[in-house]
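Worksheet: one structure, shown below.
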Amino acid sequence: MNLSYKFGFIGAGNMGFAMMRGLVRTFQPEQICFYERDKKRAEEVAEATGARIMETGCACAASSEYVILAVKPQQLRAAAEEIAPGILERQILISIAPGISIADLKEIFGEHCRVVRAMPNTPALVGEGMSGVCYEEALFSEEERETIRRFFESFGKMALIEERLINAVVCVSGSSPAYVYLFLEALADSGVKYGLSRSLAYEMAAQAVLGSAKMLMETGEHPGRLKDQVCSPGGTTIAAVGALEEYGLRNAVMKGCDACFEKCGNIR
């Protein structure tokens, strides 16, 4: 069988599209194909990325070295069963579905199937994604491992993890952009409440979060220490921090992550 494409995406929703947008910065669009049931969506993605639309999921899978399952976990089994006949031992399957283990995928595709399980996030769209990645390295050549690294780093950063930790990655990284946007929206609302324009409030809140994250990454300081550096004795910031603690910000975030983790274990 002729594997004409380097990467084939099954699904081109928000996450699949975000990954493709990053991928074309490192690989040629001619190396990428995808299948998307929504024809209008497929045309939009093809125009934005230069990747080729395939007529069926099976055709997409059968012609790609690396097959990326970028569908929702509830749709994964149907999509997997459709493309399973086109998956050969020399191909590599990359799954980004939460709650679906490597063992689950091997039940569908066979024990010979080599699977990479990952949890990226939507900031991949702007090249700032974070992906937790797990696979059995002994089953992959050095060249394949390098391609996997380049694949994920084309749209951000990646960390190799044990599969047992993947649901924790979903909580802290995969789903967390939604928590950050919720925080940003609330922060901007407070600015509007006190007179800032909506656009300026969003810009200032977003830049503050971006800058704070960059400080944490570049200094390596504990976030508590960085927080302390902003909190002058008897000042405005410590007053705000006290109120956030009183109303349970930390507890709310951890409870949200608990709900996310629990849901990961109940997806079928």
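Going through the stretch 228-268 one residue at a time, which ones are assigned to a helix (DSSP H, G or I) and among the β-branched types (V, I, T)?
At the first step, the residues of the stretch 228-268 found to be assigned to a helix (DSSP H, G or I) are 228-230, 236-246, 249-264.
The answer is V230, T236, T237, I238, V241, V253.
Quickly run through the stretch 11-50 and pick out the residues that are among the hydrophobic types (A, V, I, L, M, F, W, C) and open to solvent by less than 10 Å² (accessible area, probe 1.4 Å).
A12, A18, M19, M20, L23, I32, C33, F34, A42, V45 - these are the residues of the stretch 11-50 that are among the hydrophobic types (A, V, I, L, M, F, W, C) and open to solvent by less than 10 Å² (accessible area, probe 1.4 Å).
Among the residues of the stretch 51-78 satisfying the criterion of being modelled with pLDDT under 90 and of a type in the set (A, V, I, L, M), which is least open to solvent (accessible area, probe 1.4 Å)? Break it down stepwise before answering.
So in the stretch 51-78, the residues modelled with pLDDT under 90 come out as 72-78.
Next cut, of a type in the set (A, V, I, L, M) only: 76, 78.
Working: L76: 3, A78: 63 Å².
Top of the filtered list is L76.
Inside the stretch 213-238, can you point out the residues that are of a type outside the set (V, I, T), under 21 Å from F183 (Cβ atoms) and open to solvent by 60 Å² or more (accessible area, probe 1.4 Å)? Before the answer, list the steps.
Step one: of the stretch 213-238, the residues of a type outside the set (V, I, T) are 213-218, 220-229, 231-235.
Applying the additional criterion that residues be under 21 Å from F183 (Cβ atoms) yields 213-217, 221-229, 231.
Answer for the stretch 213-238, where residues must be of a type outside the set (V, I, T), under 21 Å from F183 (Cβ atoms) and open to solvent by 60 Å² or more (accessible area, probe 1.4 Å): K214, M215, L216, M217, E221, H222, P223, R225, K227, D228, Q229.
If M204 satisfies every condition in (1) open to solvent by 80 Å² or more (accessible area, probe 1.4 Å); (2) under 27 Å from V172 (Cβ atoms); (3) without any contact (Cβ under 8 Å) to a residue 12 or more places away in the chain but one, which is the exception?
For M204, the failing item is (3).
So E163 passes all but one of these: (1) in contact with a Ser or Thr (Cβ under 8 Å, 6 or more places away or on another chain); (2) free of Cβ contacts under 8 Å to residues at least 24 places away in the same chain; (3) within 22 Å of G129 (Cα to Cα). Which condition number does it fail?
Just one mismatch for E163, condition (2).
Kindly indicate the residue of the stretch 84-105 that is under 30 Å from S176 (Cβ atoms) and assigned to a helix (DSSP H, G or I) and also least open to solvent (accessible area, probe 1.4 Å) among those meeting that condition.
Residues of the stretch 84-105 that are under 30 Å from S176 (Cβ atoms), as a first pass: 92-105.
From the residues that got through so far, the ones that are assigned to a helix (DSSP H, G or I) too are 102-105.
Values: I102: 28, A103: 62, D104: 30, L105: 0 Å².
That would be L105.
Could you list all residues from the stretch 191-203 that are under 15 Å from Y181 (Cβ atoms) and hydrophobic (A, V, I, L, M, F, W, C)?
Selection gives A201 alone.
Quick check on my filter: what residues within the stretch 180-216 are hydrophobic (A, V, I, L, M, F, W, C) and at positive phi?
Hits for the stretch 180-216: nothing passes.
Check L160, L182 and return the single one that is out of contact with any helix residue (DSSP H, G or I) (no Cβ under 6 Å at 6 or more places or on another chain) and farther than 19 Å from R117 by Cβ.
Working: L160 fails: farther than 19 Å from R117 by Cβ.
After ruling out the rest, the residue left standing is L182.
When you check E262 against the structure, is it closer than 30 Å to S101 by Cβ, out of contact with any helix residue (DSSP H, G or I) (no Cβ under 8 Å at 6 or more places or on another chain) and surrounded by 11 or more Cβ atoms within 10 Å (Cβ to Cβ), yes or no?
Yes.
Which members of the stretch 107-137 meet the condition of being open to solvent by 20 Å² or more (accessible area, probe 1.4 Å) and either among the aromatic types (F, W, Y) or touching a His at 6+ places or on another chain (Cβ under 6 Å) (or both)?
Within the stretch 107-137, just Y135 meets the criteria.
The values are calculated or read from the model by the stated rules, or taken from the named source; none is laboratory data. Note that this is a predicted model, so its numbers are computed, not measured. Ideal geometry is used to build each Cβ from the backbone, glycine not excepted, and the neighbour counts take in all protein chains shown. Note: accessible area is taken over every heavy atom of the protein model, side chains too, but ligands, DNA and RNA are not part of it. Shrake-Rupley method; radii C 1.70, N 1.55, O 1.52, S 1.80 Å.
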